[in-house]
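Down below is the structure, laid out as structure tokens.
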Amino acid sequence: MFRKVRLCFLCICSIIICVLIFFSIDQYSRANFNQELMRNLHNTISITREPSSSQRKDADEVFPEQQNRVHDTVIIPDFEILVMVSPDHNQFSSLDVGDNIYCLFQNNSTSPAKSTGVLPSSGSKIFKCSIPENLRDLKSIHPPILTTSPEDYSLSSSSDESLEKKEVFRCLHPTETEILGLGDEKIRVSLQVKDWVVPSVAYYTPPARNLVFPEKKLLCASTMVYNVSKFLREWVIYHSKLGIDKFIFYDNGSEDGLQNVVDGLRGDYNVDIEVIFWPWPKTQEAGFSHSAIRSRDSCTWMMYTDIDEYVFSPKWVNSLEPSSDMLTSLLPSNNISSLSFQKIGQVEIFCYEFGPSNQKVHPVEGVTQGYTCRRRILNRHESIVLLDAIDTSLYNVIHHFELKDGFHVRKMSSRDAAVNHYKYQAWSEFQAKFKRRVSAYVADWTDPVNPMSKDRTPGLGFEPVEPKDWGTRFCEVEDTGLKMLTQKWFGLVSSEGHKMVWQDA
């Protein structure tokens, strides 16, 4: 059993990622709650183990239904719900993908429940359900019941319990004194805002003592992935040959055989890959914060780019084959004996954005071969970060971090390195990619907000309708540099013709 400890973590500057679940929130004014939440979070910096009764209400008093609750439930974008089943609840924790499981909603509406993974923090099994069409316009949606026999139940709509969308917060770890005597027990994390105690699905496990860490990797790569299996082999093979020692993928609920591709890369290319189940949509920044602190003992530098982004240097074009020191050559030496010494904590590499290049479908030889026409100007940068240099707030916005005092940023010249960002692909791929953005700062394209944002597709508007000239858009410069280089490095010639090593056999 997980011990329920009244630890309320309120500072927004650490690495317990609190995904809040709001039950019975109607007993308060939602507007007042949200205003108070935002107003008080930045002023609260303390962690208390046993809060004063005069200052706050007990979590069990505010949310009495939590005492006997078997499942935690969180509503996510695209009218979906995540149901988290405790490993102590044997009836459902042992069920798997092949079992017929349903979410039973108010008014007896049902939808299939898909088993998507297990949360490493709590061991809870995650099931994902779609909210039935006839409930989506309701002001209040109640948490569903998870069942294998929905016909045995009859639910009313009179419950006071309701679902709210998730919110994500970063919280300080408790000190050793605060958790003294708890051993290795998992601690349930709650969030307190003035008199409100709000439960979350977050757990904190005290670090094991006397851990022996393997030798640190010099350069790792971390990114959020969702249904990118068709792109993965090309991206991993390319960057592994250039010097990435380990890949860390935060799986955002992929349903396209991600694990099979990962297993193939491990077996065929001996690539070190770790997959972390991360079911929370639009929390890329939280995932990056998690990777920064979690990987600090195993990786020195971390590259943060997306699967459609390839680091490339014009200085490599005459190399007959890739070398494992190509990416690390972009890193500073941090040689303290140098007269111009500056502690560099982050290397920023600007991006070239490539367009559809008249492709109608995903090019079978890969994105580096199929997309060769780009915009002229450089756009925002991606980063390689020294993990020990990241500020304790772990604050990051779209691939770059705030650094500790004393550390500086090096901005790479495009003559030395750039990122080929295959952003605007064939329409079918682009439409799928932009339907569900992983960053909290980037709106989905049908949301009429931030019309001037650089993450908006220029000239597309808010309707997912293919423009007649889509195939030729964003084409200002024909750039075949990386295409020709990867053909030289990774091309194969056989009786069947030319192909790339990452193409399926």
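Screening the candidates 441, 395 for the property of being modelled with pLDDT under 85, open to solvent by 70 Å² or more (accessible area, probe 1.4 Å) and within 20 Å of the chain's Cα centre (by Cα) yields one hit, 441. The residues of region 259-275 that are open to solvent by 10 Å² or more (accessible area, probe 1.4 Å), closer than 23 Å to residue 128 by Cβ and in contact with a strand residue (DSSP E or B) (Cβ under 8 Å, 6 or more places away or on another chain), listed by number, are 259, 274, 275. Of the numbered criteria (1) β-branched (Val, Ile, Thr); (2) open to solvent by 10 Å² or more (accessible area, probe 1.4 Å); (3) at pLDDT below 95, the one residue 283 fails is (2). Considering 273, 248, 237, the condition of being at pLDDT 95 or above, over 26 Å from residue 168 (Cβ atoms) and among the β-branched types (Val, Ile, Thr) is satisfied by 237 alone.
Scanning region 359-376 for residues that are open to solvent by 10 Å² or more (accessible area, probe 1.4 Å), out of contact with any helix residue (DSSP H, G or I) (no Cβ under 7 Å at 6 or more places or on another chain) and assigned to a loop (DSSP other than H, G, I, E, B) yields a count of 3.
Quick one: is residue 379 polar (S, T, N, Q), surrounded by fewer than 21 Cβ atoms within 10 Å (Cβ to Cβ) and in contact with a strand residue (DSSP E or B) (Cβ under 7 Å, 6 or more places away or on another chain)? The answer is yes for residue 379. Based on this model, can you work out whether residue 78 counts as under 28 Å from the mean Cα position of the chain (by Cα), loosely packed, with under 13 Cβ neighbours inside 10 Å, closer than 20 Å to residue 251 by Cα and at pLDDT 60 or above? Judged against the criteria, residue 78 is a match. If you take the residues of region 219-250 that are more than 23 Å from residue 501 (Cβ to Cβ), in contact (Cβ under 8 Å) with a residue 60 or more places away in the chain and touching a helix residue (DSSP H, G or I) at 6+ places or on another chain (Cβ under 6 Å), which of them is surrounded by the fewest Cβ atoms within 10 Å (Cβ to Cβ)? Among residues in region 219-250 that are more than 23 Å from residue 501 (Cβ to Cβ), in contact (Cβ under 8 Å) with a residue 60 or more places away in the chain and touching a helix residue (DSSP H, G or I) at 6+ places or on another chain (Cβ under 6 Å), the one surrounded by the fewest Cβ atoms within 10 Å (Cβ to Cβ) is 222. Condition check for residue 218 on (1) at pLDDT 95 or above; (2) closer than 28 Å to residue 370 by Cβ; (3) more than 19 Å from the chain's Cα centre (by Cα): one failure, at (2).
For region 267-286, the set of residues classified as of a type in the set (Val, Ile, Thr) and over 18 Å from residue 303 (Cβ atoms) consists of 283 only.
With respect to the conditions (1) of a type in the set (D, E, K, R); (2) modelled with pLDDT of 95 or more; (3) out of contact with any helix residue (DSSP H, G or I) (no Cβ under 8 Å at 6 or more places or on another chain), residue 321 falls short on a single one, namely (3).
Within region 89-125, restricting attention to residues that are among the charged types (D, E, K, R) and modelled with pLDDT under 75, the residue that is farthest from residue 252 (Cα to Cα) is 99. Here is a check on your reading of the model: is residue 429 part of a loop (DSSP other than H, G, I, E, B), within 20 Å of residue 353 (Cβ to Cβ) and either modelled with pLDDT of 75 or more or out of contact with any helix residue (DSSP H, G or I) (no Cβ under 8 Å at 6 or more places or on another chain) (or both)? No: the conditions fail for residue 429.
So, in region 127-140, exactly how many residues are surrounded by fewer than 20 Cβ atoms within 10 Å (Cβ to Cβ) and either out of contact with any helix residue (DSSP H, G or I) (no Cβ under 9 Å at 6 or more places or on another chain) or not small (Gly, Ala, Ser) (or both)?
Step one: list which residues in region 127-140 are surrounded by fewer than 20 Cβ atoms within 10 Å (Cβ to Cβ), which gives 130, 132-140.
Of the ones still in play, those that are also either out of contact with any helix residue (DSSP H, G or I) (no Cβ under 9 Å at 6 or more places or on another chain) or not small (Gly, Ala, Ser) (or both) are 130, 132-139.
Within region 127-140, residues that are surrounded by fewer than 20 Cβ atoms within 10 Å (Cβ to Cβ) and either out of contact with any helix residue (DSSP H, G or I) (no Cβ under 9 Å at 6 or more places or on another chain) or not small (Gly, Ala, Ser) (or both) number 9.
The values are calculated or read from the model by the stated rules, or taken from the named source; none is laboratory data. No experiment lies behind these values; they were computed from the predicted model shown. Ideal geometry is used to build each Cβ from the backbone, glycine not excepted, and the neighbour counts take in all protein chains shown. When the accessible area is computed, the model is the full protein with side chains, heavy atoms only, and any ligands, DNA or RNA have been set aside. Shrake-Rupley method; radii C 1.70, N 1.55, O 1.52, S 1.80 Å.
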